[in-house]
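Structure, as structure tokens:
The values are calculated or read from the model by the stated rules, or taken from the named source; none is laboratory data. What you see is a predicted model, and the numbers here were worked out from it, not measured in a lab. All Cβ positions, glycine included, derive from the backbone under ideal geometry; neighbour counts span all protein chains shown. For the accessible areas, the whole protein counts, side chains as well, though only heavy atoms, and no ligand, DNA or RNA atoms are used. Shrake-Rupley method; radii C 1.70, N 1.55, O 1.52, S 1.80 Å.
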Amino acid sequence: MRVVVVGCGYVGMELARQLAEGGHDVSGVRRSADGLDAIRELDDRGGETDGRVSAVRADATVPSSLESLPDADAVVFAASSGGRGAEAARSVYVDGLRNVIDEYGSRATTPDRLVYTSSTGVYGDHGGAWVDEETPIDPTTEKTRVLAEAERVAIEGSDEVGIDGTVARFAGLYGPDRYRIDRYLDGPVTAGYLNMVHRDDAAGAVRFVLDADATRGEPVLVVDDEPVDKHAFADWLADACGVPRPVKRSKAERIADGDLSATAERRVRTSKRCSNARLRELGYAFSYPTFREGYRSAIRTVRTRNERHS
């Protein structure tokens, strides 16, 4: 299979590696010279990926640049707006995605599939209740409304040009360079649920739905087995690292500080538990089923650091 990964960054690089090791030919798309070099370095490492990953320069927000995208059997849109606001998010997730679909839709041979990587943030607040693919989405911030619109583009826009779209809704990503472990060890930790997925499983789930030819025209939740209470997670993490448990506070106490924007306050109030039952039923096997397995290497690093300084 020929796969083009538009926005071959944190998850995309791991996806490219997994796809290449599985025998697929992958084109990683980035707009910066540094990003292209990172993709080339992935292929230069040799092994099972040797010769199967190529770097392509293009920018989803610049339609004329997309002529450089190679023909593909599947396209994965994993571009990031860089954590900026709703306007930047719209430029990338809605307009950029539509540009990519239009480009491929104009060709004599279109891809069979497109996967758009979204976020569980589109569900909004469910008071700590469980959500799954059948739960109606209810985005409550400007940015999550943009993500919801992009999901419609991924399914309906792709269908208009003969491509089957899939939406992979990622829970909170963590993994190498993104453990943010000190945030929980230092505290204070505000109450709520954490829905997480390790980077390798985020990439692995996308690889799986392509290999298994699953979830055409549908969303799929990409989250690990165990949404966890933030206070319980912080205590577990502190105990595992051999440090004192952090200070905890309620949502009401955090909001009472009075320093949150309206968007941030809505985020604090939002609570839900995301189910991966559908992904499990399809047959995906997690490398890191829970945070316990996923945080092992980060915990070792913290313990080693503390031992050196003791």
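ARG152 passes all but one of (1) open to solvent by 40 Å² or more (accessible area, probe 1.4 Å); (2) without any contact (Cβ under 8 Å) to a residue 40 or more places away in the chain; (3) in a helix (DSSP H, G or I); (4) in contact with a helix residue (DSSP H, G or I) (Cβ under 7 Å, 6 or more places away or on another chain); which number fails?
Going through (1) open to solvent by 40 Å² or more (accessible area, probe 1.4 Å); (2) without any contact (Cβ under 8 Å) to a residue 40 or more places away in the chain; (3) in a helix (DSSP H, G or I); (4) in contact with a helix residue (DSSP H, G or I) (Cβ under 7 Å, 6 or more places away or on another chain) one by one, ARG152 breaks only (4).
Which ones in segment 228-267 are among the basic types (Lys, Arg) and in contact with a helix residue (DSSP H, G or I) (Cβ under 7 Å, 6 or more places away or on another chain)?
ARG245, LYS248, LYS251, ARG254
Residue check, VAL62 against (1) modelled with pLDDT of 95 or more; (2) more than 16 Å from GLY7 (Cα to Cα), all met but one. Which one?
Condition (2) is where VAL62 drops out.
Run THR110 past the list (1) touching a residue at least 24 places away in the same chain (Cβ under 8 Å); (2) surrounded by fewer than 17 Cβ atoms within 10 Å (Cβ to Cβ); (3) of a type outside the set (A, V, I, L, M, F, W, C); (4) part of a loop (DSSP other than H, G, I, E, B) and report the number of the one that doesn't hold.
Failing condition for THR110: (2).
For segment 80-91, does any single residue satisfy the condition of being crowded, with 20+ Cβ neighbours inside 10 Å and touching a residue at least 60 places away in the same chain (Cβ under 8 Å)?
Looking for residues that are crowded, with 20+ Cβ neighbours inside 10 Å and touching a residue at least 60 places away in the same chain (Cβ under 8 Å), one finds none in segment 80-91, hence no.
Criterion first (within 19 Å of the chain's Cα centre (by Cα) and at pLDDT below 95) does ASP177 satisfy it?
The answer is yes for ASP177.
Would you be able to say whether some residue in segment 39-59 is within 22 Å of the chain's Cα centre (by Cα), under 22 Å from VAL161 (Cα atoms) and open to solvent by 20 Å² or more (accessible area, probe 1.4 Å)?
Checked against the condition, which is being within 22 Å of the chain's Cα centre (by Cα), under 22 Å from VAL161 (Cα atoms) and open to solvent by 20 Å² or more (accessible area, probe 1.4 Å), segment 39-59 yields at least one hit.
Looking at (1) in a loop (DSSP other than H, G, I, E, B); (2) more than 30 Å from ARG107 (Cβ to Cβ); (3) among the small types (Gly, Ala, Ser), which one does GLY162 not meet, given that it meets all the others?
(2)
Residue by residue, here is whether (1) under 30 Å from PRO139 (Cβ atoms); (2) at pLDDT 95 or above; (3) not acidic (Asp, Glu) holds:
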{"site": "ALA234", "(1), (2), (3)": "yes, yes, yes"}
{"site": "ARG245", "(1), (2), (3)": "no, yes, yes"}
{"site": "LYS248", "(1), (2), (3)": "yes, yes, yes"}
{"site": "GLY258", "(1), (2), (3)": "yes, no, yes"}
{"site": "LEU279", "(1), (2), (3)": "yes, yes, yes"}
{"site": "PHE286", "(1), (2), (3)": "yes, yes, yes"}
{"site": "GLU293", "(1), (2), (3)": "no, yes, no"}
{"site": "ARG303", "(1), (2), (3)": "no, no, yes"}
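If I filter segment 206-216 for residues that are closer than 19 Å to GLY128 by Cα, of a type outside the set (Asp, Glu) and in contact (Cβ under 8 Å) with a residue 60 or more places away in the chain, do I get at least one hit?
Taking every residue of segment 206-216 in turn, none turns out to be closer than 19 Å to GLY128 by Cα, of a type outside the set (Asp, Glu) and in contact (Cβ under 8 Å) with a residue 60 or more places away in the chain.
Identify the residue in segment 130-147 that is under 21 Å from ALA203 (Cα atoms) and in contact with a Pro (Cβ under 8 Å, 6 or more places away or on another chain) and, among all such residues, is surrounded by the most Cβ atoms within 10 Å (Cβ to Cβ).
Among those residues, the one meeting the criterion is LEU147.
Would you be able to say whether some residue in segment 127-147 is within 18 Å of GLY96 (Cα to Cα) and aliphatic (A, V, I, L, M)?
Checked against the condition, which is being within 18 Å of GLY96 (Cα to Cα) and aliphatic (A, V, I, L, M), segment 127-147 yields at least one hit.
Out of ASP182, ASP102, I need the residue that is open to solvent by 20 Å² or more (accessible area, probe 1.4 Å) and either under 25 Å from ARG273 (Cα atoms) or polar (S, T, N, Q) (or both). Which one?
None of the others qualify; the one that does is ASP182.
Which members of segment 165-182 meet the condition of being part of a strand (DSSP E or B) and among the hydroxyl-bearing types (Ser, Thr, Tyr)?
Within segment 165-182, THR166, TYR174 meet the criteria.
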